[in-house]
1. Along the charge dipole of the protein assembly as shown, which of A:LEU11, B:GLY58, A:PRO81 sits closest to the positive end, that is, farthest toward it, with unit charges on the beta carbon of Lys, Arg, Asp and Glu (+1, +1, -1, -1)?
2. What is the dipole size for the protein assembly as shown, taken about its Cα centre, with +1 at each Lys and Arg Cβ and -1 at each Asp and Glu Cβ, in debye to the nearest 20?
3. Choose one of B:GLN85, B:GLN25, B:SER49: the residue whose Cα lies farthest towards the positive end of the charge dipole of chain B (beta-carbon charges +1 Lys, Arg; -1 Asp, Glu; about the Cα centre).
4. Taking N as the number of residues in the protein assembly as shown, what value does Rg over Cα atoms divided by 2.2 N^0.38 Å take?
5. Compute, for chain A, the length of the dipole vector about the Cα centre, with Cβ point charges of +1 (Lys, Arg) and -1 (Asp, Glu) only. Units Debye, rounded to 20.
6. Shape of chain A from its Cα gyration tensor (a ≥ b ≥ c, root eigenvalues): rounded if a/c is under 1.5, otherwise prolate when a/b > b/c, or oblate?
7. Scan the range A:16-90 for trypsin sites (Lys or Arg not before Pro) in coil per DSSP, keeping those whose Cβ has at most 15 other Cβ atoms within 10 Å, and list them by number.
8. Mind running the shape call on the range B:26-112? Use the C-alpha gyration tensor, a ≥ b ≥ c as the square roots of the eigenvalues: rounded below 1.5 for a/c, prolate if a/b tops b/c, oblate otherwise.
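The values are calculated or read from the model by the stated rules, or taken from the named source; none is laboratory data. For clarity, every value in this text was computed on a predicted model and none was experimentally measured. As a convention, Cβ positions derive from the backbone with ideal geometry for all residues, glycine included, and neighbour counts pool all protein chains shown. Note: areas computed on protein heavy atoms with side chains; ligands, DNA, RNA excluded. Shrake-Rupley method; radii C 1.70, N 1.55, O 1.52, S 1.80 Å.
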Amino acid sequence: TQLLEQSPQFLSIQEGENLTVYCNSSSVFSSLQWYRQEPGEGPVLLVTVVTGGEVKKLKRLTFQFGDARKDSSLHITAAQPGDTGLYLCAGLRPSNYKLTFGKGTLLTVNP
Amino acid sequence: NAGVTQTPKFQVLKTGQSMTLQCAQDMNHEYMSWYRQDPGMGLRLIHYSVGAGITDQGEVPNGYNVSRSTTEDFPLRLLSAAPSQTSVYFCASSTLRGDGYTFGSGTRLTVV
């Protein structure tokens, strides 16, 4: 059973388009983290959201944590080829230190 | 540069061989963990540690051992390699606040 469901699994868009990636669960998390991974490298942390309803912006990326702390979304405005990569959401359960990952969204932005 | 260092970067093993994947961090992080990443399966937790002398199992611990004798090092041992252990292995560390992991660049292991 996948604790965190990410959608879509694959996304191929043109430069300049907007997109949203979703991360959903039936479990409550103490925090939700988003990572970006490029081929041959480890995931790199983009943001951590902690409070229900929290919104964080990182340039053209907007991250939102659901009010009930069970889901999150990543919105990219005016995507660029440099945004290409695997985007991973990960949730930290309140009861332990284990970070559980979704399967990821592979984003390709075509010039 | 501060971060998580994993060695080796690539390794090929024969079935039944043993080996140790090394992981070291210089950020004084209490929490360290090992994940494996497989196509279609995402990142799955193998073992983790919340401090020197303390380790615990993750989601897929079978066939792997760990120890944590120092804050900096968290090696992962494969006792008798199997083809099912062919994967990319990542070590990650964090403070106990859980405010974000730092990952190593991975070890690509092939068991033939």
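1. About the Cα centre, the residue reaching furthest to the positive side is B:GLY58.
2. 240 debye
3. Positive-end residue among those listed: B:GLN85.
4. Dividing the Cα radius of gyration by 2.2 N^0.38 Å gives 1.02.
5. I would put it at about 340 debye.
6. Note, shape of chain A comes out prolate.
7. A:LYS59, A:ARG60
8. In terms of gyration-tensor shape, prolate.
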